[in-house]
Amino acid sequence: MPQFDLVILGAGPAGASAAVTARKHGLSVALVDKARFPRPKLCGGLVTGRCATHLKQVFNLEIDPQLFETRRNFEFYMEGRPLGRLDGVPPTHLTMRWDLDQLLFSKALAAGAADFSGQRVEALDLAAHRLVLHSGDTLDYRCLIGADGVQSIVARALFGTPFDPARVGFALEIEAPARAPTTDTPVRIDFAAADWGYGWSFPKRASTTIGLGGLHLRNPDMRARLARYLDQLHTGQGTKIKGHFLPFGGYRSRPGKGRVLLAGDAAGFVDPITGEGIGHALHSGALAATAAAEAIAAGRPDTALSRYRPMTRPIRTALRSARLLRPIIFSPTLKPFFASTFRASRTLKRDYMHLLSGEVEYPALLARTILRLPLAAWRWMARRKRSVSR
Ligand SMILES: Cc1cc2nc3c(=O)[nH]c(=O)nc-3n(C[C@H](O)[C@H](O)[C@H](O)COP(=O)(O)OP(=O)(O)OC[C@H]3O[C@@H](n4cnc5c(N)ncnc54)[C@H](O)[C@@H]3O)c2cc1C
C-alpha cells in the first residue's frame, strides 16, 4: 500500500492549492519542496481578479490590505512615450511572493498535508510510483502532481525536457527603493521594453518591483534592455538583478501522463501576453488534485490525466487565444499600428484592464478584436495620412 494517496512536488501556488484541495477530498498528501518557507520567488506579485477568485475559492483568502495593496490606476508607455492612463479601473492587487507563498504553504500544512519542505529529490521512479528524497525518505504514491515550476523535474522525467526552448520566456527583475506610493499611484506598463514582451513598474510599500520579460530567443540583450529601462524610469541602477525563465506560450496540451499530472508553470500555464501565472497555478493545482481524487476514488489512479485534461480545457483555450492575439500587441512589424491604436482607443485600454482584472476572458476578447480589427486598421491609416499631409 502506498503511504500517500498523493505526493505533490513543489509547494508554490500550484502545489499549495493542490494540497488544500486534495485534503478537502480526504486524500493523504505529502507536500515536497526543495526550499524551506518562506522562500524567495522572483515575481512581480501582481494578483489579478481571476487570481483573487481562486484564492477565495481554494484558501478562503480575502484581499487583506496587510498582504495586498490594491491599485486602480494604470499608465501605459511604449519606448518611453506615453500611450495614456486609465484611472478607476477594476482592481488588481500587488503583493510580495515571499509573504503570499508562505501563507499558502502554511494553509496547506494546516489542512493536513505532511511537510517535506527543505528536501531535495534524489530519485523519481515513475514506474515504481516512488520519490526518494535526499534525506533518505521514500514516498510511495497513488498519484503524483508536478507543481515544481518552469524547470520541472517531473515534466523532464515525463517528456525529456521541462519546456520548449523556442517558446519559453525570460524575465529580469529588481526591487528598487519604494517611492511612498498611495492607492492612487499608477502601475506602469511599458510595451516593447523587451522584444515580444514588456516592462513593468509595480509601486509597493516596501519596494518598487521593476522588471522586463519577453520571449527568451528574441532577447539575447535583456540586461542591456533592463539598464535602458531603468534609465528611463530614473531608478534602480546598481540594484541586484535577478533572472528567471517563465512559460510564455508553450503550455502542454497533455499536462501529464497516466497518474502523473503537471500544474502551474510545470504545465506551462502562464499567459503569453500579460505573464500572469499565479491565478492559473492556483486553478490548475486545484483541478489536478480533484482529478487525482476522482481517479483514486474510482480505484483507477492511472485515469488521473484523462480526468484532468478536459478540466484544464478552459485554461488551454484561453492561452491559445492569447497566443493568437499576441502578434497584434508584440510583433515589431505591427508596433506602429498597435501604439497608435492603443493610444487613441480608450476601449482597447479598458479591454486590457478587464482582461487583467479577470472580467473578460481571452476567447471573448479574441472574437471582439477580430470584429474590430478592420475599423481599427482603417482609422490607423486615416491617422497616418493626416500626419503625413501635415
Ligand atoms: C520575473 C517574473 C515576474 C512575474 N510576475 C508575475 C505577476 O506579477 N503575476 C503573476 O500572476 N505571475 C507572475 N509571474 C509568473 C508566476 O511567478 C508563476 O506563474 C507562478 O509562480 C507559478 O506558480 P507555480 O506554483 O506553478 O510555480 P512556482 O511558484 O515556481 O513554485 C514551484 C515550487 O517548486 C519548488 N521546486 C522546484 N524544483 C523543485 C525540485 N526539483 N524539488 C523540490 N521542489 C522544487 C520551488 O522551490 C517552488 O517552491 C512572474 C514570473 C516571473 C519569472
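Structural remarks
- Ranked from largest to smallest solvent-accessible area, with a 1.4 Å probe on the protein heavy atoms, W380, W98 come out as W98, W380.
- Binned Cα-Cα distances of the stretch 39-134, short to long, each 10 Å bin given as a whole percent: 12, 30, 27, 18, 10, 3
- Taking packing as the residue-averaged number of other Cβ atoms within 10 angstrom, the listed peptides 15-24, 52-61, 243-252, 173-182 run from highest to lowest as 15-24, 243-252, 52-61, 173-182.
- Inter-site label distance for E359 and R320 at 7 Å from Cα along Cβ, in nm: 2.8 nm
- Proximity of backbone amide H atoms, modeled 1.01 Å from N, is registered between L94 and V47, E69, T70, R71 at under 5 Å, excluding neighbours fewer than 5 places apart on the same chain.
- With helices as the sole contributors, the chain gives -12500 deg cm²/dmol at 222 nm; each DSSP H run of n ≥ 4 counts as -39500 (n - 2.57), and the sum is divided by every residue.
- Rg and Dmax of the stretch 328-389, Cα atoms only, in Å: 12.5, 42
- Candidate residues T208, T290: accessible-area rank, largest first, probe 1.4 Å: T290, T208
- For the stretch 1-65: rounded, prolate or oblate by the Cα gyration tensor [a/c cutoff 1.5]: oblate
- Heavy-atom SASA rank of I210, I153 (probe 1.4 Å, accessible area, largest first): I153, I210
- The peptide list 297-307, 128-138, put in order of mean Cβ contacts within 10 Å with the highest first, becomes 297-307, 128-138.
- Restricting attention to the chain, close to 70% of DSSP beta bridges with both partner residues there are antiparallel.
- Placing unit charges on the Cβ atoms only, positive for Lys and Arg and negative for Asp and Glu, gives the chain a dipole magnitude near 1720 debye about its Cα centre.
- Ligands, DNA and RNA are left out, and with a 1.4 angstrom probe the accessible area of the chain is 43 Å² per residue.
- D_trans [Stokes-Einstein, Kirkwood Rh over alpha-carbon pairs] for the stretch 89-187, 20 °C, 1.002 mPa s, µm² s⁻¹: 122 µm²/s
- Overall, the stretch 328-389 carries a charge dipole of about 500 debye about its Cα centre when +1 sits on the Cβ of Lys and Arg and -1 on the Cβ of Asp and Glu, all other atoms neutral.
- Calculated on the alpha-carbon coordinates, the convex hull of the stretch 161-201 measures out at 103 cubic angstrom per residue.
- Rounded tilt (10° steps) of 346-357 against the dominant C-alpha axis of the chain: 20 degrees
- Fraction of accessible area attributable to carbon and sulfur, the chain (%, probe 1.4 Å): 55 percent
- Ordering A155, V20, L212 by Cα displacement along the dipole of the chain toward the positive end leaves L212 in first place; charges were set at the Cβ atoms of Lys, Arg (+1) and Asp, Glu (-1).
- Percent RCO, i.e. relative contact order, over the chain, from Cα pairs under 8 Å lying at least 6 residues apart: 20 percent
- Of S331, A111, A171, farthest towards positive along the dipole that unit charges on Lys, Arg, Asp, Glu beta carbons give the chain: S331
- Of every Cα-Cα pair in the chain, the percent that sits beyond 42 Å: 13 percent
- Solvent-accessible surface (1.4 Å probe) assigned to M311 amounts to roughly 50 Å².
The values are calculated or read from the model by the stated rules, or taken from the named source; none is laboratory data. This structure is a prediction, so every number in the text was calculated from the model and none was measured. Because the Cβ atoms are built from the backbone with ideal geometry, glycine has one as well, and the counts that use them run over all protein chains shown. Each accessible area value is taken on the protein alone, full model and side chains, heavy atoms only, with ligands, DNA and RNA left out. Shrake-Rupley method; radii C 1.70, N 1.55, O 1.52, S 1.80 Å.
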